[in-house]
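Note sheet for the following structure.
The values are calculated or read from the model by the stated rules, or taken from the named source; none is laboratory data. No experiment lies behind these values; they were computed from the predicted model shown. Neighbour counts run over all protein chains shown; Cβ positions are idealised from the backbone, glycine included.
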Amino acid sequence: MLPTLGHVAVVIGLGASLYAFVAFVIGARRSDPRLVESARRAVYATCALAAVASTAMVVSLLTHDFSVSYVARNNATTTPPFYSIISLWAALEGSILFWTLLATGYASLVLWRYRARHPVLMAWVGATLAAIGVFLFAVMTWPGNPFARMTPIPAEGNGPNALLQNHPFMGLHPPLLYLGYTGLAIPFAFGIAALVTRRTDEAWLGIVRRWTMVPWIFLTLGIIAGGWWSYEVLGWGGYWGWDPVENAALLPWLTATAFIHSSMVAERRGSLRIWSSVLVIATFVLTILGTFLTRSGVVASVHSFTASAIGPWFLGAILVALGVSLALLVWRLPDLAGGGRPAELVSRDSAFLFNNVLFLGLTFAVLFGTLLPLGIEAFGGGKISVGAPWFNRVNAPIFVALLFLMGVGPALPWGRASWATLRERFAIPLLVAVAALAVAFGLGMRMPAPLATLGLAVFVGGILLDELVSGARARARARSEAPPVAAWRLATRNRRRYGGYAVHCGVLVMAVAVAVSATLSSETTTTLRPGQSVDLRGYRLTYDRLAVGPLRDDPRVLETRAELRYTGTQQGSLATASRQYPNSVTPIATPAVRTSLGEDLYVTLLAADPASGSVTLHVLVNPLVVWIWIGGAVVALGAIFAIWPDRRLLPMAAPAGADRPRPAPRPGTATHPASLPAGPEPALDAAVGEAPPSGGARVDA
């Protein structure tokens, strides 16, 4: 009954999406608000239908309805309820269903949010989102039917993928990625609508930036959670291996980040408008490419699904999206052209331009390294692999240059920077960075990569801190406020600027942690009998005993567990195990990780002999890994702070003369926000946020 209901909901969803697309297009061409309204309600209906289908699948998983092929392949009677629920996105067809739920949810939200504004633009936004819905429902209706039946009905299911039920992070990592992927359809829809309606000025960028930042935050968290999952589950002691599916998630993140920066220049200076449109298109196309790589079976990865008939559909979607988008872009090129180049080499304009060039270089390098093996194999050239050493060698210099621009760019003025400005802004941070390098060298750090990254991070962090301190000091003097109060009010009245600085600080923390953990870790592989010990970097691990038995939560899973005690920087006991799942040919490692702020003790069971009780262990001491996750959290919190709505924006009449342009600052000078008069923010100095609405003024609490 429920599977039939779910399939019917999918089929009706296809019809509703198709109606919404046609009604939006006709309503936009005829300027018929009633037809556009009916199309919008049809999109709401598709979201409700996707929710019905998803609920039907979750209930089928919880009740172990093995008449549904998807349930039989990805569930078992012994599967714990938590893993039964998250099996919704554990395999191919269910993940498309979950994807559709999120995509229609985003579409419904944005259409509801702007239901009374920008009627011409929003009709084409709705048409674009409805077209995406048509595609997703069509995939579920034909090649990727999640409710396909199987006969005869088996008495027991296969169970979820062993790797995906070995850690609860499976409940977090994929949904975050999907929330990022599906949300990036919103800026694409706005971009297409702007091209169709010839609204090619900078106004649409202010709307779309916030709708880019929300999925960007989810995608950032999803990538970081994926690294954490890899670190905690796969047992190799690393968190990023330049796997093709990892790269597929990174690619749209790179172009979305580039768009966030380029849109600031487009709004502020009127330049990079063509480039901003290209980035919006590229970001969406790369999300489809990532889906194709993950779901077509063309790449071998622990993250990918098996080969299926869905692959050609997504390949066709890539070609259609790219063809239509580029045709519209070429059509509107005369309207997009203009704005000119940066007037001076040393200026904020140029820094943002160089920033985008570097992001483009990163994107091309990652895309080239990911697709090259596929291209060579497709043309009969055999199989090759492009591994982590190549990616690290090519991308590391670009990352270092980006770190430099993260601090230098925001500190430069628009237009032209004088030598006095450069000396004032960069002299002290440079001296502090040199001092930090000297201290690190004196403490024994000798490898160039962590030393260079540390010095650059201190330099950039010093610039960002100086921006906050100088602004807070100016505000404290002007308004007689205590320094902490002045700093907080300065930040909350300039959320885009200081939220962006917080994001940059989080990236700096992650960069240092990655450089140190990747180059200064220690490891050993050893075989021990009960009572024997191994020493590594100040730790002593003593092997106590070997235990073999079924898991309490799932008796079909046989666990082999080595129990140890450890002393050193940290002290305590741990158990590292391997688990044999009935649907897995090889045992799945379950490493033990003991984390502190300074380092992780990481132990993986490689082999065990129950007869003698001996075990083979891989032991690592990884420094600063926890700061990767902390830095990622800072990035997300900074981005949330930047886009958080400002309650001081009240709809009130603008004061006389408020619409007149302010005098431009003298070339080479920079103005802190604290010294600016009250009113709408005069500059887009960070990566996110919307300008105050027309007729609104900023009121200081």
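Taking the condition among the basic types (K, R) and in contact with a strand residue (DSSP E or B) (Cβ under 7 Å, 6 or more places away or on another chain), does R565 pass? The answer is yes for R565. Determine if the range 491-500 includes at least one residue that is surrounded by fewer than 22 Cβ atoms within 10 Å (Cβ to Cβ), farther than 27 Å from V593 by Cβ and polar (S, T, N, Q). The answer is yes, given that some residue of the range 491-500 is surrounded by fewer than 22 Cβ atoms within 10 Å (Cβ to Cβ), farther than 27 Å from V593 by Cβ and polar (S, T, N, Q).
Of the residues F359, F305, only one is modelled with pLDDT under 95 and of a type in the set (F, W, Y); which? Quick ask: steps written out before the conclusion?
Working: F359 fails: modelled with pLDDT under 95.
Sole residue among the options that is modelled with pLDDT under 95 and of a type in the set (F, W, Y): F305.
From the list T604, T576, T567, T586, pick out the single residue that is farther than 20 Å from W229 by Cβ and either outside the structural domain of T79 (by TED's automatic domain parsing) or modelled with pLDDT of 95 or more (or both). I'd like the intermediate steps shown before the answer.
Details: T604 fails: farther than 20 Å from W229 by Cβ; T576 fails: farther than 20 Å from W229 by Cβ; T586 fails: farther than 20 Å from W229 by Cβ.
Testing whether each residue is farther than 20 Å from W229 by Cβ and either outside the structural domain of T79 (by TED's automatic domain parsing) or modelled with pLDDT of 95 or more (or both) leaves just T567.
Out of curiosity, is T453 assigned to a helix (DSSP H, G or I), touching a helix residue (DSSP H, G or I) at 6+ places or on another chain (Cβ under 6 Å) and either surrounded by 12 or more Cβ atoms within 10 Å (Cβ to Cβ) or modelled with pLDDT of 95 or more (or both)?
On the way: assigned to a helix (DSSP H, G or I): yes; touching a helix residue (DSSP H, G or I) at 6+ places or on another chain (Cβ under 6 Å): yes; either surrounded by 12 or more Cβ atoms within 10 Å (Cβ to Cβ) or modelled with pLDDT of 95 or more (or both): yes.
Yes, satisfied.
P3 meets the conditions (1) modelled with pLDDT of 95 or more; (2) out of contact with any Lys or Arg (no Cβ under 9 Å at 6 or more places or on another chain); (3) over 19 Å from I186 (Cα atoms) in every case but one. The failed one is (2).
To keep it simple, each residue is scored yes or no on (1) over 30 Å from W331 (Cα atoms); (2) surrounded by fewer than 22 Cβ atoms within 10 Å (Cβ to Cβ); (3) of a type outside the set (K, R).
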| residue | (1), (2), (3) |
| --- | --- |
| I192 | no, no, yes |
| T197 | no, yes, yes |
| W204 | no, no, yes |
| R209 | no, no, no |
| I223 | yes, yes, yes |
| W240 | yes, yes, yes |
| T255 | no, no, yes |
| R268 | no, yes, no |
| L272 | no, no, yes |
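Within the range 375-391, if we keep just the residues that are without any contact (Cβ under 8 Å) to a residue 12 or more places away in the chain and under 28 Å from the mean Cα position of the chain (by Cα), the residue that is surrounded by the most Cβ atoms within 10 Å (Cβ to Cβ) turns out to be G375.
Kindly indicate whether F190 is assigned to a helix (DSSP H, G or I) and either in contact with a helix residue (DSSP H, G or I) (Cβ under 9 Å, 6 or more places away or on another chain) or at positive phi (or both). Taking the combined requirement at face value, the residue satisfies it.
Every residue, every condition in (1) closer than 29 Å to F292 by Cα; (2) in contact (Cβ under 8 Å) with a residue 24 or more places away in the chain; (3) among the aromatic types (F, W, Y), yes or no:
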residue	(1), (2), (3)
R30	no, no, no
V36	no, yes, no
M57	yes, yes, no
H64	no, yes, no
A72	yes, yes, no
T78	no, yes, no
I85	yes, yes, no
W99	yes, yes, yes
A103	yes, yes, no
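Any residue at all in the range 155-162 that is assigned to a helix (DSSP H, G or I), more than 18 Å from L102 (Cα to Cα) and either assigned by TED's automatic domain parsing to the domain that holds V52 or of a type in the set (D, E, K, R) (or both)? So that I can check it myself, show each step before the final result.
Step one: list which residues in the range 155-162 are assigned to a helix (DSSP H, G or I), which gives 162.
With the extra rule that they be more than 18 Å from L102 (Cα to Cα), the set shrinks to 162.
Narrowing further to those that are either assigned by TED's automatic domain parsing to the domain that holds V52 or of a type in the set (D, E, K, R) (or both): 162.
Yes, the conditions are met somewhere in the range 155-162.
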